[in-house]
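The structure appears below as structure tokens.
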Amino acid sequence: MNLTFDKGRFQMYLGFGGLFLLLLLSDQLINNPHTFVPRAWNNLWHCTYVTVLNFILFEYTLPFFRLHWKRILAGLFLLGVHLMLYSFGLYAWRQLGILFHIYTLRNPSQSFDDALEDQMAYSAGSIFFFGISQHIYGYYKLRQAAQQLRIEKQQAELNFLKSQTNPHFLFNTLNNIYSLSRDKSDRAPESILRLSKILRFMLYETSGAYIAIEQELKIISDYIALEQLRYDESLRVNFRYDVEDQRQALPPLLLIPLVENAFKHGVSETPDEPYVDIYLTVKQRQLDFVVKNSSEAAPDERGVKENIGLSNLRRQLEILYTDYRLSVVQGTDDFTATLHINLSSHV
């Protein structure tokens, strides 16, 4: 058994002692207001003793008995010592207080047996109070530790999802630039410049838990402009938004996967009249984001197979919000992703 002194645990018991004393003083103030001051000093003197004794009982004696239950005689001896300390010891502590004029004797004619019985009753009450307090505090700390562990686990998972999504996003963007470079397109330098802006944003603006919606709108616009460099004028992109307060907070790059999906798995696979329609509205903390793009799917391929971007987005939503809906629908010649988030439901 570890016999080292834990200052933090002792301070906890001092807090229990303070609560115990407050409870006793409240009772005395109600029932004995005329003699409250001397009774308060008496209770303070008693409470000092039982606080230290209960600390020893619950932190050292009982753990020893539980860990070394086979040493029955040693355990019973320790419990016997505590019984003596709670009765005769507390009585001696009272007498010491009387000697130093700290403790006021309320009934000088009280017999020794009655005085000892009073000390036992006081001790029993303190054991019950400290035991219940320790149990409640331990339960609270356990719940707190479990909550902290859950938060840390979710944060680690979010970081992992970002570590997957961001390189995936950059990989697709670099592929676009490679296509332009391979074709010796004059738009290659501009695409590299736009990519550098996106990289700067990802490096310096997305490290926190939130960004303003206006920043998310800016990165979506930059990404759309970068993608449009790959296509001729046949590509139609319509990006609209209606946001009542663009300073509202949003996890960084939360909406990008739906936009990226529209270009990579929709427009790039549509040879005739490709298009992307994007509409974002945020009103009264309710976010609605709809991305519709041209898409060609065979009749037997109507089922949606989610790629890494969509699956990671879905998991991020599960971690971040309690009220959200994400649906994806593959039609005969189009693909629609619809996202609704109650921004007030952030965990």
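The values are calculated or read from the model by the stated rules, or taken from the named source; none is laboratory data. These figures come from a predicted structure and were not determined experimentally. A quick note on method: Cβ atoms are made from the backbone with ideal geometry, for glycine too, and the neighbour counts reach across all protein chains shown.
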(request) Within segment 248-287, count every residue that is assigned to a loop (DSSP other than H, G, I, E, B), modelled with pLDDT under 90 and under 18 Å from ILE341 (Cα atoms). (result) 4
(message) I'd like the residue in segment 111-158 that is at pLDDT below 85 and polar (S, T, N, Q) and, out of all such residues, is nearest to ALA40 (Cα to Cα).
(response) GLN144
(message) Tell me yes or no: at least one residue of segment 10-20 is in contact with a Cys (Cβ under 7 Å, 6 or more places away or on another chain) and closer than 20 Å to LEU105 by Cα.
(response) no
(message) Looking at the structure I just gave you, is LEU57 closer than 22 Å to ILE136 by Cα, of a type in the set (A, V, I, L, M) and modelled with pLDDT under 85?
(response) no
(request) Could you tell me which of the residues ASP222, ASP242 is touching a Ser or Thr at 6+ places or on another chain (Cβ under 6 Å), farther than 20 Å from PRO271 by Cα and modelled with pLDDT of 75 or more? (result) ASP242
(request) For residues that are part of a helix (DSSP H, G or I) and of a type in the set (A, V, I, L, M, F, W, C), tally how many sit in segment 221-247. (result) 3
(message) I'd like to check something: does segment 88-96 contain any residue that is under 46 Å from the mean Cα position of the chain (by Cα) and assigned by TED's automatic domain parsing to the domain that holds GLY138?
(response) yes
